[in-house]
Amino acid sequence: MAKRIAFVGHVSMDKIENVNGVREQPGGAALYAAVAAKTLVRDVCLVTVIGRDFKYREVLKLFDLSYVKFYNMPSTRFHIRYNSRWEAEYVKFYYGAGSRLTYSIINERLLRESDLIHFSPIRAGKLAKMVDFIKSSTSKVKVSVNTWIGYIAEGKRSRETLRRVASQVDFFILNDAEAKLLAQTDSISSALRILKANTLIVTLGELGAIVSSSDGFRQLVPAFVVPSSRVVDTTGAGDTWCGAFLAAYMLTEDLTKAVTFASVVSGIKCSGWGMENLVNLRFKDPDDAIEYVIGLREGRVQKKISDYV
C-alpha cells in the first residue's frame, strides 16, 4: 500500500550569493524536504502558506496542494550569503505570508491521510502546539521534527520547548552545532545523553550522521561526500537530507540504509543550484542510490541520473 508523507513548513523565494555567483530561486525548508522525498516516494503532500506573488509555481505541481494556502500578501523571502567555507549569513529575511503558518493548518483530514508528518524548522511555540494536537488526536501518524539554530538561540524557553517536543516525536533531526546548543554543552557525546528522543539523528556534515535510539541503538553512518570542486550551492542541504531520509526509512524501516540514501540525495542537491538536480530525479528504491555512487566513480553521472527520470 502506498504511503503518504506530509511536509509542514515554509516555502520561500530566495536570493543566494556564493562563490559561484548569485541566483534567485525557490526555497524554503519544507519545499526542499518535499522535493527530496519525491525522488523516492510518489505521494508527497506540502502543507504551507504562500503569498500570491510566488513566481515558482512549476515546482509546486510536483505535489498534492490541497493543504497549501495562498494569501494576498508577499511571500516569505530569504537573502543568504555564503563565504568560501560555505558558512551562511542571513542578510535579509521576511516571513510575509509565512507568518500565517499556524496551528490551524493541522487538521483531522491531514491526520487521516498521512502516514508521516515532518515539520521543517518552525518557531518553538508554534511547533509545540502542532505536535501536541497530533499526539492528542492519533497514535497512528509518525511525527518528525527538524529544527534550526536560530530558533534554538532565541532563549531558554525555546530550548525547553524544543527539548520537550524532541521527547514526544518519532524522529528529531538536527546538526551537531544545533545539538550542542540545545543541550547546552560543548560535547556531542554529552548532547546525545542529554537530549531525549525516540530516534535522535545528529548530522555531522561530511562525516555522516549519528543515529541514537531510545532502545540503546547508536551508530555513526558515514556520508557520501561531494568533492569541494563540484559543490555549487549548499542551500537546503540539511532539509534535503531530512526529506530523503524519511522517504527511505518509511519504505525500508532501515536506519542505516535511510541515512545512506539521504547522504547521496543531499550530495546530488549540492552539485547544482537550488533543487534543480532533484526535481526530475526518481529512484525506484533506496538501493538505486548505490548505482548512482558507482556511476559517479566511473564517470557515468549523467547516464545514471537519466535512468531514474
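The values are calculated or read from the model by the stated rules, or taken from the named source; none is laboratory data. Quick caveat, the model's predicted, so the values are computed rather than measured. We place every Cβ from the backbone using ideal geometry, glycine too, and count neighbours over all the protein chains shown.
Conditions tested, residue by residue: (1) hydroxyl-bearing (Ser, Thr, Tyr); (2) closer than 19 Å to Ile122 by Cβ.
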residue: Arg52; (1), (2): no, no
residue: Val59; (1), (2): no, no
residue: Phe63; (1), (2): no, yes
residue: Ser66; (1), (2): yes, no
residue: Met73; (1), (2): no, yes
residue: Phe78; (1), (2): no, yes
residue: Arg81; (1), (2): no, no
Number of the condition not met by Thr240 [criteria: (1) buried (at least 23 other Cβ atoms within 10 Å of the Cβ); (2) at pLDDT below 80; (3) hydroxyl-bearing (Ser, Thr, Tyr)]: (2)
Do we have His118 as touching a strand residue (DSSP E or B) at 6+ places or on another chain (Cβ under 6 Å), of a type outside the set (A, V, I, L, M, F, W, C), within 30 Å of Asp287 (Cα to Cα) and part of a strand (DSSP E or B) here? yes
Taking strands (runs of 3 or more DSSP E) that do not extend beyond the range 148-257, which have at least 1 residues that are small (Gly, Ala, Ser)? 209-213
For the range 1-37, what are the residues that are of a type outside the set (Val, Ile, Thr), out of contact with any helix residue (DSSP H, G or I) (no Cβ under 8 Å at 6 or more places or on another chain) and not in a loop (DSSP other than H, G, I, E, B)? Met13, Asp14, Lys15, Glu17, Asn18, Gly21, Arg23, Glu24, Gln25, Gly27
It is to be established whether one or more residues within the range 249-270 are touching a Leu at 6+ places or on another chain (Cβ under 7 Å), among the small types (Gly, Ala, Ser), crowded, with 24+ Cβ neighbours inside 10 Å and in contact (Cβ under 8 Å) with a residue 12 or more places away in the chain. no
So Leu46 passes all but one of these: (1) crowded, with 16+ Cβ neighbours inside 10 Å; (2) under 20 Å from Asn277 (Cα atoms); (3) in contact with a Lys or Arg (Cβ under 9 Å, 6 or more places away or on another chain). Which condition number does it fail? (3)
